[in-house]
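What follows is a set of notes on a single structure, which appears directly below.
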Amino acid sequence: MHESGTGSEAEPTAGSGVDQEFLALERELTVFLRRARASSGEMSREVHPDLEAAAYGLLVCLDEWGGQRATDLAAYIGIGKATVSRQLRALEDLGLVRREPDPVDGRAFRIDLTGEGRERLRRVRDARRATYMTKMDGWDRSEVAELARLLHQFNARAAD
């Protein structure tokens, strides 16, 4: 079992030409992403039992930004328009989002959360935040802020 930061991890031999800091980053991101995928699946089922884990992120974006065009959501998340359209249709069928004509471009639609979608998502996000607080008990608030800042910086560069 992987235990980060204990010094028990097997390190590649020095002089192998591999940057150890980036190997450590890869290892930690791999563990983080696997756990995040599992967590997203659990949270999506808490929002609605039939909700796909991949669609949870769309709900979060809509909650934070308000109504968006499907193309903008697809571009931000980094998935194709066909995939986001399929996920949005499923969210609409579940009563979590609604489509409305875009006031700027009558040919396009904006997607927004329904009241039900917003309430279900709020409950799950509140529970998730409480879990983070428990897992990070003992962390200084400045450390939490620094982690958020670094992840934001990483995500911003990854989007380029």
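The values are calculated or read from the model by the stated rules, or taken from the named source; none is laboratory data. Every value quoted in this text rests on a predicted model; they were computed, and no experiment measured them. Here the Cβ is made from the backbone with ideal geometry for all residues, glycine too, and neighbour counts use every protein chain on show. Accessible surface is based on the protein model in full, side chains and every heavy atom, while ligands, DNA and RNA are left aside. Shrake-Rupley method; radii C 1.70, N 1.55, O 1.52, S 1.80 Å.
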Legend entry - the stretch 36-58 - residue that is in a helix (DSSP H, G or I) and over 12 Å from the mean Cα position of the chain (by Cα) and, of those, modelled with the lowest pLDDT: GLU42
Inset, instruction - Starting from the stretch 80-105, keep only residues that are closer than 11 Å to ALA70 by Cα and open to solvent by 50 Å² or more (accessible area, probe 1.4 Å), then list their pairs with residues that are of a type outside the set (Phe, Trp, Tyr) and not in a helix (DSSP H, G or I) whose Cβ atoms are within a distance under 9 Å, requiring at least 6 positions of separation or different chains. - result: ARG99/ARG110; ARG99/ILE111; ARG99/ASP112
Inset, instruction - Using the structure shown, decide if ARG141 is touching a helix residue (DSSP H, G or I) at 6+ places or on another chain (Cβ under 7 Å) and either open to solvent by less than 80 Å² (accessible area, probe 1.4 Å) or basic (Lys, Arg) (or both). - result: no
Inset, instruction - Report, by residue number, each residue of the stretch 106-136 that is modelled with pLDDT under 95, loosely packed, with under 11 Cβ neighbours inside 10 Å and more than 20 Å from the chain's Cα centre (by Cα). - result: GLY106, ARG107
